[in-house]
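First comes the structure, then the notes that go with it.
The values are calculated or read from the model by the stated rules, or taken from the named source; none is laboratory data. Note that the structure is a prediction, hence the values are computed from the model and not measured. Ideal geometry is used to build each Cβ from the backbone, glycine not excepted, and the neighbour counts take in all protein chains shown. What goes into the accessible areas is simple: the full protein's heavy atoms, side chains included, and nothing from ligands, DNA or RNA. Shrake-Rupley method; radii C 1.70, N 1.55, O 1.52, S 1.80 Å.
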Amino acid sequence: MSFLSKQTVLDEFKKAKESKTKEWRDNLPTWCPGCGHFTGLHGLYEAAERLNIPPKDFVVVSGIGCSGRFPFFIKGFGLHGLHGRAIPIATGIKVASPDLTVVVVGGDGDGVGIGGGHFPHAARSNFNLTYILLDNSIYGLTKGQISPTSPMGMKSGTSPYGNIARPLNPTTLALAYGATFVARTFSRERDMVSELITKAIQHKGFSFIHDLSPCVVFNKVVTYDSVNDASAMLPEGHDILDRSKAMTLAESTEPIYQGLFFREEVPSFDDHAKQVRDGLKD
Amino acid sequence: MKYSEITIRFCGIAGDGIVASGKILAGACANIGLHVMVNNIYSAEIRGLGKSSATIRFSTEKLYSMGDGLDLLVGMMSKESIIDLRDVKVGGNVIYDTSTIGDVAEEDSLASHITPEIQGHGLPIKKLANEATGTNQGKNLVAIGAICYFYSLPPEMFIDQIRSVFAHKEEHIIDINIKAFNLGYEYFRENYPLNNQFEIDKRSEPRALTSGNDAIAKGAIDCGLKFFAGYPITPATKIMEIAAKELPKLGGWTLQMEDEIAAIGAVLGAWFAGKRAMTATSGPGLSLMSEMINMSVMAEIPTIIVNVQRGGPSTGLPTKVEQGDLNIALYGGAGDSPRVVMAPTNSEECYSGIQLAFDIAEKYQTPVIFLSDLFLGQRTETVTIKENIDRNRCTRKKPTPEQLENFQRYQITDDGVSPLIVPGEPGAVYSTTGLEHSVTGNPNYEEDVHSMMTAKRFRKFESMVEDLPEADILGEETADIGIAGWGSTIGSILEGMEIAKKQGVKTKLIKSIMIHPQHEDSFRKFFASCKKIIVPEMNYQGQYAALLKSRYGIKPIEIHIPSVNPVSPLKIAQKIMETSSELSQ
Amino acid sequence: MKHVIIGAGVAGITAARTIKEQDREAEVVVIGDELFLPYKRYLLSEFLSNSIKRDELLFFSIGMLKELGIKLRKGEHVKTIEPLKKLIKLHHNEVMHYDKLLIATGGSPSLGLVLRPYKKHISFYSSLYDTLVLKEKLPEIRKCIVFGNGVSCLDLICMLRNLGKQVTYITKEEQATFALNEYDFEGELHTFLEEKGIEIITEDQIVLIEESDNGYKVETIQQKMLTTDIVFAWDYYKPNIACIEDSAIEKKTGILVNVRLETSEKDIYAAGDCVEIYHPCLKNYWINFGLPNALEQGKIAGKNMLGQNEEYKIQEAIVFNLMGKSLKARWWK
Ligand SMILES: Cc1cc2nc3c(=O)[nH]c(=O)nc-3n(C[C@H](O)[C@H](O)[C@H](O)COP(=O)(O)OP(=O)(O)OC[C@H]3O[C@@H](n4cnc5c(N)ncnc54)[C@H](O)[C@@H]3O)c2cc1C
Ligand SMILES: Cc1ncc(C[n+]2csc(CCOP(=O)(O)OP(=O)(O)O)c2C)c(N)n1
Ligand code: SF4
Ligand SMILES: [Mg+2]
């Protein structure tokens, strides 16, 4: 378990120009030092390197938000799309060109707020996409308003008297929507993040990573420490084929479990589409 | 009576086989080489209770519109058809069912509303249908049989047509339907032996029937459509249905998305991946798409949106026609956001126009909004489409080896078009964004970058003009009255001009599938040669007139028809006549 | 007050007009089962022989109808009358209420038992529709057979002959009289017609009609075998009263009315060829066929429907134009 101070991550990114992942590194990230999103980006570099995805076949699609800046930091094709609309754009890319590796990245506001209508459909269609949701329970880019995953009572500029609504839990949503690969990670756990992103990309079908990725500037409630204190790895021997057990574990807030909750190998959208096309040939 | 042109409307509710009636009648007429136009109208979206009607106009001459008025109204349902009586011409006819079960109140009876200038004809539709089929099915064929006799059309053509429409059904079903047809035919022969003649001596080769929606789908597929994403909406869904059926056969795919934002998003994605893609929608959907249209402008990702206009605003009049979406098509969206707007005027142009739309979108990396409308989209008509099939067509500006070397996705060029590579192609990678950006695609908000990039995006619209068709000028060159129109209204304008011509008033017309950009010189020259300019369109505001006024500084006579039905040619002719008498004063 | 009139013939349309002229407020609906605007039946021959145009047949134009405020429902047939409920029912099951009802349904030629099976082969000549059908066929017709009676039959024969057709007239009687009072013609009608080139077969009748190559074969009771291009035939001229069949309205051959043209049922009147009225000289009910009677009865029925009290007086003779010769005719058997 690696434990990083706020500044070290940025410093490391600066130095990493010569690392083994340099082939996939592009512009230097512009996030605040210590931002959780560094870990997700690092994880994606690692995965690209481990799976040796040629940049020409690698497409990263993002929404809008601090998290949305991913494409500019990665060498590959990038599409910095619209707030909440990364998933449908990525769907078009993947269905039109199934040979590409397509990763979708976005924030909590992006994915379960404004874009919340797209997530279920990508999951149930089992498009061969990897979706990384960087959850800081805040609207980072717009400077700190409550998001759909903010805890009740949380105060912000737009919730001066405290958040009245209950938070959504993206992990349970993914399970309910029928995603075939569901994992939760925490940006303090760099190795776990890299490991699970790699597995997610390898998965044939819709893979979902719920990355707890604290905003060090605007979120004073959900922080590295608060998450860390509640964190626990999934119990030994958890059956990743058991969706309802996964659901129960994912619902828990004390502790907040991390790891691979669920994975099933069923035909992906691409497999089904191919079957239809082949059937039409004769 | 001897006719060379007839308009018939079937009116009823679900289960009456209204649409099938139109199909059979139209099919039979097209087969004997007549020109046919069919317009189906559904008054409600809900099938169970809604009334629907099919209007069929056929003629020995080419048709441009649904014309004015009905020669025959077939009221399969009494009450539902009453309102349609007002469309029946003086001297026109009505067929109504005399075998409805149970009493009909005087005010609900179609017959009781028939005025003396119209002739009613009773036909025991339900009874004869039951006699033939044992159920109410076949009512439509009873009526068609009667019509066939009434206008002395060749029955064998109809029987062929019944066979082909019901080809997928069992032989027994075909037989009972033919029986229903025969009973209707015989009933009229016995009870109304005095029939009318239709001039079919001018028989010619069978003609193909198509709708605007069909033509758009076919045109797109023939020029390399690989991906379609959409969300069902009347009256555009048919395009999606055709794409869903055909694309998988050609290695492509159609996705029904969760909403129109997703649909256009997926289309943008597919274009980003280098594949020809499109979506089709109507007003409410187009409204949802505006942010993505902006993205397409900013990121210079091509996209094609077919917008089959219906009555608006909001959910509006889903089953009625209007040309009210010109403004949103031209201007909808934030910022300086230029886009190509095209509007086909007939089914032929739906086919060739959508192919042009793809070429332009791909070459100039721009959104193209293709504005059809409910009437053009849904009507079926006999057309001669010049097929142009090249499923690998590509007009993308690819980078030269030098350009690849130090790839600039948004390189500044003379024509405004930058080289474009797509994922999977070797040589360079890039990221794109809806943020303002520098030549490489990196976000950049500097003043001179923004003005340079904005100018570049607009420059494309100047350079593309050379690839666009010239405006068509029709009518009499020397006429003082000029008409400018767009979209499906053109059909009614042409017939209106014809009516005026018969009254001795000469007119000319300028029309172009291109709304923006246009070959402005030809418009300027045309307007300069007119003493009066008339601009008719199907909306309240005069959206096209507003464009022409601001673009060409003209002061036209505007005809605004916030329409639920296709424009009446007579209405246009009347305006022409008025204008002409003003001119001569 | 809703005045409903069944039958848009002379009697019906005259009544409608009378009502409207006397009371602008009255609601008047005329239901007629013919497809056309009300026309003058007695001018059909003139129209057929092209001496007048179709417009000249009309009683009045659509404009006039509108001006008078008469609602005409043409091409519609009344099936039944329910006097107790003051309702009538139309052929398509429409139900209409009335306050005052006039039955002016006229009469029409009918076939007896022998001829009925050959209906398909028989042409009629009593309406504009028949006339229009005939007008289309006429150029191809050379030979005609006519079997029937009454003045309209005479009218038909004369018209066909005037058009240069070869005409054979078959009658059950010993002489061709057309049920006209012989007194007025002094038996010369028969000879007159023969002189005009009409072949007359007496004391005979048609028993069989068959389609042949391009016409018909006709067999008579006297076993005459004739060929012809067209056959006109009817056994008798009968009031059109099917619509009162199920009602309590009293009838014999026609609808029985008193001198105020009231039927046995309240608020129901009848006029024209469909009524039987008491003839004081004959001391019996009789049907007073003919245009002048229909006109007069229509007028009186209309007035009485408005609550006036006018009596009908029997009119006997009419003037009839026969091939350029003016005849005085009485229209009864
Ligand atoms: C060819 C021909 C020539 C004639 N020439 C002469 C002549 O020269 N002089 C002369 O005096 N008379 C002539 N007559 C007779 C004269 O036309 C009639 O006596 C007269 O028309 C009777 O008028 P009406 O109104 O009673 O009936 P009609 O004029 O017969 O009108 C009755 C109408 O009622 C309609 N009707 C019947 N039943 C119904 C129903 N249930 N529902 C709705 N509508 C119904 C009928 O279709 C008809 O249109 C001629 C008749 C014919 C056929
Ligand atoms: C349609 C639209 N509405 C609002 C915005 C403004 N906006 C940009 S990012 C953002 C919220 C980002 O929050 P989140 O998705 O959680 O990403 P984070 O910045 O926290 O990573 C908003 C509201 C926008 N870009 N587009
Ligand atoms: S504002 Fe928060 S989310 Fe955005 S970059 Fe800074 S720390 Fe990260
Ligand atoms: Mg966030």
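Just the number, please: percent antiparallel of the DSSP beta bridges in segment C:109-237, rounded to the nearest 5.
Rounded to the nearest five, the antiparallel share is 45 percent.
Two-decimal Rg/Rh of segment A:6-281 from alpha-carbon positions, Kirkwood Rh? Show your work: numbers first, answer last.
Values: Rg = 17.8 Å, Rh = 18.6 Å.
My calculation of the ratio gives 0.95.
Which whole number of Å³ per residue matches the convex hull of the alpha-carbon atoms in segment B:472-584?
Convex hull volume per residue, Cα atoms: 91 Å³.
Can you compute 3J(HN,Hα) from phi for each residue in segment C:103-111, using the Karplus curve 6.51 cos²θ - 1.76 cosθ + 1.60 with θ = phi - 60°, rounded to whole Hz and x for Gly and Pro?
For segment C:103-111, the Karplus-derived couplings read 9, 9, 8, x, x, 8, x, 10, 9 Hz, x marking Gly and Pro.
Could you work out how far apart the two model spin labels at B:T234 and A:E254 are, taking each label as a point 7 Å from the Cα in the direction of the beta carbon, and quote it in nm?
If labels sit at B:T234 and A:E254, their model points lie 5.5 nm apart.
What's the local net charge at A:G117, with K and R +1, D and E -1, over the other residues with C-beta under 13 Å away?
-2
What distance in nm lies between label points placed 7 Å from Cα along the C-beta direction at A:Q202 and C:E188?
12.6
Angle check, please: helix B:171-191 long axis (alpha carbons) against the longest principal axis of chain B (alpha carbons), in degrees 0 to 90, nearest 10.
The helix B:171-191 is inclined about 60 degrees to chain B.
Please state the charge dipole magnitude for chain C, taken about the Cα centre, from unit charges on C-beta atoms (+1 on K and R, -1 on D and E), reported in debye and rounded to the nearest 20.
Numbers: 43 positive and 47 negative charges, 149 e Å.
I would put it at about 720 debye.
With every protein chain present, what is the per residue accessible area of segment B:2-206 (1.4 Å probe, Å²)?
Details: 7920 Å² over 205 residues.
Value returned for segment B:2-206: 39 Å² of accessible area per residue.
Accessible area of B:H519, 1.4 Å probe, to the nearest 10 Å²?
40
Compute the whole-percent fraction of alpha carbon pairs in segment B:324-446 spaced more than 17 Å apart.
69
Solvent-accessible area of B:I159, probe 1.4 Å, all protein chains present, reported in Å² to the nearest ten, please.
Estimated to the nearest 10 Å², B:I159 gives 40 Å².
To the nearest whole number, what is the average tally of beta carbon atoms from other chains within 10 Å of the beta carbons of peptide A:66-78?
Per-residue shielding by partner chains comes out at 4.
Only protein chains counted, 1.4 angstrom probe. Which residues of segment B:262-286 are at least 30 Å² less accessible in the assembly than when their chain is isolated?
Residues shielded by partner chains are B:G269, B:F272, B:A273, B:K275.
Working from Cα positions, state the angle (0 to 90°, nearest 10) between the long axis of helix B:212-222 and the longest principal axis of chain B.
Once rounded, the angle reads 50 degrees.
Looking at chain B only, what percent of DSSP beta bridges run antiparallel? Nearest 5 please.
The antiparallel proportion sits near 40 percent.
Distance between the C-alpha centers of segment B:397-448 and segment B:1-27? Whole Å please.
Computed from Cα coordinates, the inter-centre distance equals 56 Å.
Write down the accessible area per residue of segment B:210-383 in Å², having rolled a 1.4 Å probe over the full set of protein chains. Let's see the in-between values first.
Working: 3770 Å² over 174 residues.
Per residue, segment B:210-383 has 22 Å² of solvent-accessible surface.
Based solely on its DSSP helices, what 222 nm [θ] is calculated for chain C when runs of n ≥ 4 H residues each add -39,500 (n - 2.57) and the sum is averaged over all residues, nearest 500 deg cm²/dmol?
One gets -6500 deg cm²/dmol as the mean residue ellipticity at 222 nm.
Give me the summed buried accessible area for the B-C pair, 1.4 Å probe, to the nearest 100 Å².
Accessible area lost upon association: around 1900 Å².
Could you identify which residue out of A:N126, A:N219, A:N163 has the top mean-square fluctuation in a GNM of chain A using Cα springs shorter than 10 Å?
Top of the fluctuation ranking is A:N163.
Taking all protein chains in place and a 1.4 Å probe, what share, in percent, of the accessible surface of chain A do carbon and sulfur account for?
C and S fraction of accessible area: 55 percent.
Using only the Cα atoms of chain B, what are the Rg and Dmax in Å?
Taking only Cα atoms of chain B, I get Rg and Dmax of 26.0, 85 Å.
What does the charge count around B:S287 come to, taking other residues whose C-beta lies under 12 Å from its C-beta (Lys +1, Arg +1, Asp -1, Glu -1)?
Result for the local shell: -4.
Taking 7 Å along the Cα-to-C-beta vector as the label spot, tell me the B:N565-C:T227 distance in nanometres, rounded to one decimal.
5.5
Can you work out the FRET efficiency for the pair B:R163 and B:K245, with r the C-beta to C-beta distance and R0 = 25 Å, to the nearest 0.05?
Working: r = 23 Å, r/R0 = 0.94.
So, using R0 = 25 Å, E works out to roughly 0.60.
Can you tell me the Rg and the Dmax, both Å, for the Cα atoms in segment A:25-101?
Cα only, segment A:25-101: 12.4, 38 Å (Rg, Dmax).
If I build a Gaussian network model for chain C, linking alpha-carbon pairs within less than 10 angstrom, which residue out of C:F36, C:F192, C:F60 has the largest mean-square fluctuation?
The residue with the greatest mean-square fluctuation here is C:F192.
Inverting the mean 1/r over all pairs of different Cα atoms, compute the Kirkwood radius of the protein assembly as shown and quote it in Å.
Taking every pair of different Cα atoms in the protein assembly as shown, averaging 1/r and inverting gives 36.1 Å.
Write down the percent of antiparallel bridges among all DSSP beta bridges whose residues are both part of the protein assembly as shown, to the nearest 5.
40
Per residue of chain A, what 222 nm ellipticity follows from adding -39500 (n - 2.57) for every DSSP H run with n ≥ 4, rounded to the nearest 500?
-10000 deg cm²/dmol, from helical runs alone.
Averaging sequence separations of C-alpha pairs under 8 Å and six or more residues apart, then dividing by the length of segment B:401-466, give the relative contact order as a whole percent.
Relative CO of segment B:401-466 lands at 33 percent.
Compute the signed sum of charges (Lys and Arg +1, Asp and Glu -1) over the other residues within less than 15 Å, Cβ to Cβ, of B:V341.
With Lys, Arg at +1 and Asp, Glu at -1, the net is -1.
Whole number in Å², please: accessible area per residue of chain A, 1.4 Å probe, ligands, DNA and RNA not counted.
39
Report the accessible surface area buried between chains B and A, summing both sides, using a 1.4 Å probe on protein heavy atoms only, in Å² rounded to the nearest 100.
Buried area (both sides, nearest 100 Å²): 3000 Å².
When we measure straight from the Cα of C:K86, which lysines land under 16 angstrom away, once same-chain ones fewer than 8 places off are left out?
C:K2, C:K100, C:K266
Which of A:G40, A:G113, A:G68 ends up with the largest GNM mean-square fluctuation for chain A, with Cα atoms connected below 10 Å?
In this elastic network of chain A, the residue with the biggest mean-square fluctuation among A:G40, A:G113, A:G68 is A:G113.
Which number do you get for Rg(Cα) / (2.2 N^0.38 Å) in segment B:1-134?
Output field value: 1.05.
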